């Protein structure tokens, strides 16, 4: 019962897969989720995690996954909302296809929101509950310019969700933070970025904070970013 149970959405590739690998090495039981059973199973075998089919846009599937975790583990200690889509470099806000914006929000904002609502009862059973929302410095209003409107707007919303949840769940001792992994050389980030292990380390840092750690913050590599 002392082993931490962590769930990572979009854990079958890129930053999510590396986060799973690092958490396994830290001694966590890691529930690696992907939209298909096959993808989850293949990735979990690579890193020693437990596969779980989960699509963050499917409320019924999320409810089924939460029931599985409840039956198998009885609680959840760490929820990492990593799944994201539509880094829409080809768009500008003035001319954006709003269907693409809505699609991005379904995964990047409403997906984490659904996950928190479904898994909150299990997080409340944890002695050291943590929620980590994988965001992006693109969502920093301080530095924001143009471009990637679907991705950026959805991550701004995710940061707002982080702040609201941190305030509401403080009494439950649940630490809730947003983390920017930086520009990472993944399928979404493209070539030229920092090593995946470096980007994932900041997410793992937030997932393993002590009880005295921060909540309601926005970080990269353990250091605060401007909202």
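Nothing in this text is a laboratory measurement; each read-out follows from the coordinates by a stated rule. A quick note: this is a predicted structure, and the numbers were derived from the prediction, not measured. Ideal geometry is used to build each Cβ from the backbone, glycine not excepted, and the neighbour counts take in all protein chains shown.
Values for this structure:
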quantity: 32, 161 arranged by Cβ crowding within 10 Å, fewest neighbours leading; calculated: 161, 32
quantity: Whole-angstrom gap from segment 191-227 to segment 5-19, using each part's C-alpha centre; calculated: 15
quantity: Tensor-based shape of segment 5-224 (alpha-carbon gyration tensor, a/c under 1.5 rounded, otherwise prolate or oblate); calculated: rounded
quantity: Net length gained if the chain between residue 221 and residue 57 were fully extended (0.36 nm per residue, minus Cα distance); calculated: 56.2 nm
quantity: Cβ-based exposure ranking for 172, 221, in which fewest neighbours within 10 Å come first; calculated: 172, 221
quantity: Relative contact order of the chain, defined on C-alpha pairs under 8 angstrom at six or more residues apart (%); calculated: 19
quantity: For segment 123-156 and segment 33-53, distance of Cα centres in Å; calculated: 24
quantity: Residue order, fewest to most beta carbons within 10 Å, for 115, 144; calculated: 144, 115
quantity: Chain lengthening between residue 38 and residue 164 when straightened (0.36 nm per residue, less Cα-Cα); calculated: 41.8 nm
